[in-house]
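Chemist: Pasting a structure here, questions to come.
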Amino acid sequence: MTVAPPSEHRRSRLARPLAFVLALAAAAAPVLAQGLPNEVEAALARAKVPRDAVTMLVVDAEGVQPPRLAWRSQVPVNPASIMKLVTTYAALDLLGPAFTWQTPVYVDGPVRNGVLEGNLYIQGQGDPKLVIERLWLLLRRVKGLGIQAVQGDIVLDRSAFEVADSDPNAFDGEGQRPYNAAPDALLVNFKSVVMTFVPDRGAQTARVSYEPPLAGVAMQAAVPLATGECGDWRSALGSDFADPARLGFAGSFPAACGEKTWAVAYADPRSYAERAVGGLWAEIGGRLQGQVRDGRVPAGLRPAFEAASPPLAEVIRDINKYSNNVMAQQLFLTLGLQQKKRGTLDASRATLRQWWNERIGTGEGQPVIDNGSGLSRDERISAAALGRMLQVAWRSPLMPELASSLPASGVDGTLRKRALRSGGAAHLKTGTLRDAAGVAGYVHGTSGRRWVVVAIANHANAVAARPAFDALVDWAAQD
C-alpha cells in the first residue's frame with residue numbers, strides 16, 4: 001500500500017511541537033557571556049590583576065551546550081597545581097582506581113635462631129604513601145618471618161625510578177618545606193621529620209619528639225619554655241636543621257602555644273631512607289650487624305612478601321585534596337614505569353601525550369607536561385583543553401573517583417576555609433605558585449546542572465585574585 005505524503009497543512013501541524021521544543025531548548029540554553037561577570041571584574045580590579053592576565057571558562061559538564069563563558073580560554077597558561085588533575089585522571093584511566101603499588105621484601109640467606117645470615121632487601125616500586133606507620137608494619141612483617149637480627153646489610157633498592165638528584169632549594173629557596181621533596185622509588189615518609197612540642201610547665205621546658213627516629217642523627221629532646229603570646233613560635237625556636245647529623249634549637253618555645261607539630265624536610269634527602277629504616281628497625285628491637293645501604297636485589301631472588309599501598313582511588317584523594325607535590329610526581333613516574341617499563345620523566349611525558357591524544361583529542365590544546373605535579377615554571381595548559389578533559393572525565397565511569405578526590409568548598413582540603421557565598425557546592429582543585437593561581441573542577445548549579453569551571457591567573461599578583469575565582473564559582477552556581 002502506498003502512503004500519500006502529508007499535506008502542507010498537516011506538515012505545518014506536525015512541525016509545531018518540534019519547533020516549540022527547539023524554542024524551549026534555545027531559551028533554556030545559557031548565553032555565552034561576552035565579557036566577565038561584573039562581580040569578577042570588580043574582584044580583579046581590587047586585586048590589581050588585569051583582565052588579560054586571566055583565563056576563565058564555564059561550560060556544562062555534559063558537553064552538550066556552548067560555553068556560558070569563555071574568556072581567553074585558548075591561551076596556554078601555567079596552571080600550577082591544577083595540573084594534578086591531568087596526572088590523576090590519566091592514572092585513573094590507565095591504571096584503574098584499584099591499582100596498588102607493591103614493595104617487595106627479599107631475604108637472602110637462611111634464618112637460624114632469629115638471625116638472618118645474609119642480607120635483607122627492600123625494593124621500592126614508587127609507592128607514594130610509604131609513610132612511617134606503613135614502614136613500621138613492613139618491618140614488623142620482617143620480624144614475623146622470625147628475623148630478630150640481620151647479620152648482613154639491609155639493602156634498599158631504589159632503581160625503579162631514574163631521577164637525577166636535585167637541590168631542594170632550587171625551585172623557590174624553601175628547601176626545608178616538605179612540598180619540595182624529590183620523588184624516589186623508595187619514598188619513605190616524604191623524606192620529612194615531624195616534630196611535636198609539648199610544654200611541661202613544671203620543668204619549664206617543652207619536650208620534643210621526632211617521627212621517624214633517624215639513625216645517626218642527634219635530636220634535641222627539650223627546649224626552654226618562654227612567656228608571652230604564641231605568635232611566630234617557629235622563628236622563636238631558633239632552629240638549626242642544616243647539619244644532617246643534628247636537629248637542634250637555639251631559642252625557646254612559648255608556653256601559650258600548647259602542643260604544636262612542625263614537619264620539615266631532612267637536610268640530606270639522599271640518606272633519609274637509610275636513616276629512617278635503620279632508626280625504626282632499632283626502635284622495634286631489631287639488631288643489625290652490617291649497615292643500611294643502597295643496592296640492587298640479586299637476579300633470581302624471590303620476595304618473601306610484598307607490602308601493598310592503599311588503592312589509587314585513595315592515593316589521589318591525598319594528592320588533590322591537599323595538593324601533595326611529591327605524591328603527584330611519584331604517580332607521574334609510575335605511569336612511565338607501568339606503561340613504558342621505564343621510570344623516567346621522558347617515559348611518563350610520552351605516556352601522557354599518547355593518552356591525551358587517544359582519550360581527549362589531538363590538535364591544539366595538548367598540555368605541556370614537566371613533572372605532572374604543577375611544581376614547575378614550564379608546565380602549560382589552556383582552560384579550553386582542561387575543560388574538555390573535565391567533560392570527558394564527567395562522562396566516564398571514573399567520574400565519582402575523580403570528583404570525590406577534589407577539595408569540597410568549605411568542607412575539606414585546600415578549600416576548607418573557602419565556602420561559597422551563595423551556599424552552593426563545588427569540587428575544585430586549587431593551584432598556587434608565586435605568579436600563578438587558580439581553580440578548576442565541578443560546580444553544582446542551583447538548577448541541578450553541573451558546570452565545569454576553570455579560572456587561572458598568571459601575574460605577579462595572581463594569589464590576590466582568589467576572590468575573583470570565588471566570585472566566578474558563585475556566578476556559575478547561580479545558574
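Chemist: Have a look at Ala265, Ala282 and point out the one that is touching a Pro at 6+ places or on another chain (Cβ under 9 Å) and open to solvent by 30 Å² or more (accessible area, probe 1.4 Å).
Modeler: Of Ala265, Ala282, the one residue that is touching a Pro at 6+ places or on another chain (Cβ under 9 Å) and open to solvent by 30 Å² or more (accessible area, probe 1.4 Å) is Ala282.
Chemist: Here's a follow-up. I need a count of the residues in the stretch 372-402 that are in a loop (DSSP other than H, G, I, E, B), within 22 Å of Asn325 (Cβ to Cβ) and open to solvent by 20 Å² or more (accessible area, probe 1.4 Å).
Modeler: The total comes to 3.
Chemist: Quick check: anything in the stretch 264-272 touching a residue at least 24 places away in the same chain (Cβ under 8 Å), aliphatic (A, V, I, L, M) and part of a strand (DSSP E or B)?
Modeler: Scanning the stretch 264-272 turns up at least one residue that is touching a residue at least 24 places away in the same chain (Cβ under 8 Å), aliphatic (A, V, I, L, M) and part of a strand (DSSP E or B).
Chemist: For Ala206, state whether it is assigned to a strand (DSSP E or B), at pLDDT 95 or above and open to solvent by less than 50 Å² (accessible area, probe 1.4 Å).
Modeler: yes
Chemist: Moving on. If you check Val217, Val315, Val277, which single one turns out to be at pLDDT 95 or above, touching a strand residue (DSSP E or B) at 6+ places or on another chain (Cβ under 6 Å) and not charged (D, E, K, R)?
Modeler: Val277
Chemist: Continuing with the same structure: Looking at (1) of a type in the set (A, V, I, L, M, F, W, C); (2) modelled with pLDDT under 95; (3) under 30 Å from Pro298 (Cα atoms), which is the only condition Val64 fails?
Modeler: (3)
Chemist: Taking the residues in the stretch 118-131 that are within 22 Å of Gly146 (Cα to Cα) and of a type in the set (A, V, I, L, M) as candidates, determine which candidate is farthest from the chain's Cα centre (by Cα).
Modeler: Leu120
Chemist: Can you tell me which residue within the stretch 72-102, out of those that are polar (S, T, N, Q) and open to solvent by 20 Å² or more (accessible area, probe 1.4 Å), is modelled with the lowest pLDDT?
Modeler: Gln74
Chemist: Kindly evaluate Arg302 against the criterion of being basic (Lys, Arg), within 16 Å of Gln125 (Cβ to Cβ), in contact with a strand residue (DSSP E or B) (Cβ under 8 Å, 6 or more places away or on another chain) and modelled with pLDDT of 95 or more.
Modeler: Here the answer is yes, as Arg302 does meet what is asked.
Chemist: Take Ser373 and tell me if it is over 18 Å from Ala164 (Cβ atoms) and of a type in the set (S, T, N, Q).
Modeler: Here the answer is no, as Ser373 does not meet what is asked.
Chemist: Restricting to the stretch 239-262, name every residue that is assigned to a helix (DSSP H, G or I) and open to solvent by 30 Å² or more (accessible area, probe 1.4 Å).
Modeler: Ala256
Chemist: Just the residues that are of a type in the set (S, T, N, Q) and at positive phi, please, taken from the stretch 93-136.
Modeler: Of everything in the stretch 93-136, just one residue is of a type in the set (S, T, N, Q) and at positive phi, namely Asn113.
Chemist: Can you name every one of the strands (runs of 3 or more DSSP E) wholly within the stretch 93-195 that holds 1 or more residues which are polar (S, T, N, Q)?
Modeler: Fully inside the stretch 93-195 and qualifying: 102-108, 119-123.
Chemist: Please enumerate the residues belonging to the stretch 347-371 that are buried (at least 16 other Cβ atoms within 10 Å of the Cβ) and assigned to a loop (DSSP other than H, G, I, E, B).
Modeler: Ile360, Gly365, Gln366, Pro367, Ile369, Asp370, Asn371
Chemist: Follow-up. So which residues in the stretch 210-238 are in contact (Cβ under 8 Å) with a residue 24 or more places away in the chain, open to solvent by 30 Å² or more (accessible area, probe 1.4 Å) and not in a loop (DSSP other than H, G, I, E, B)?
Modeler: Result: Glu211, Ala218, Met219, Pro224, Arg234.
Chemist: Check the stretch 39-57 and report whether any residue there is modelled with pLDDT under 95 and open to solvent by less than 40 Å² (accessible area, probe 1.4 Å).
Modeler: The answer is no; no qualifying residue exists.
Chemist: Is it the case, given these coordinates, that Ala299 is more than 21 Å from Val142 (Cβ to Cβ), without any contact (Cβ under 8 Å) to a residue 40 or more places away in the chain and in a loop (DSSP other than H, G, I, E, B)?
Modeler: Here the answer is yes, as Ala299 does meet what is asked.
Chemist: Evaluate the stretch 338-346: report whether one residue or more is of a type in the set (S, T, N, Q), without any contact (Cβ under 8 Å) to a residue 12 or more places away in the chain, more than 23 Å from Phe190 (Cβ to Cβ) and part of a helix (DSSP H, G or I).
Modeler: Scanning the stretch 338-346 turns up no residue that is of a type in the set (S, T, N, Q), without any contact (Cβ under 8 Å) to a residue 12 or more places away in the chain, more than 23 Å from Phe190 (Cβ to Cβ) and part of a helix (DSSP H, G or I).
Chemist: Right, Leu69: in contact (Cβ under 8 Å) with a residue 12 or more places away in the chain, open to solvent by 10 Å² or more (accessible area, probe 1.4 Å), closer than 29 Å to Glu401 by Cβ and not hydroxyl-bearing (Ser, Thr, Tyr) or not?
Modeler: Considered against the rule, which asks whether it is in contact (Cβ under 8 Å) with a residue 12 or more places away in the chain, open to solvent by 10 Å² or more (accessible area, probe 1.4 Å), closer than 29 Å to Glu401 by Cβ and not hydroxyl-bearing (Ser, Thr, Tyr), Leu69 comes out as no.
The values are calculated or read from the model by the stated rules, or taken from the named source; none is laboratory data. Quick caveat: nothing in here was measured; it's all calculated off a predicted structure. For neighbour counting, all protein chains shown are included, and Cβ atoms are generated from backbone atoms with ideal geometry for every residue, glycine included. All accessible areas refer to the heavy atoms of the entire protein, side chains included, with ligands and DNA or RNA removed. Shrake-Rupley method; radii C 1.70, N 1.55, O 1.52, S 1.80 Å.
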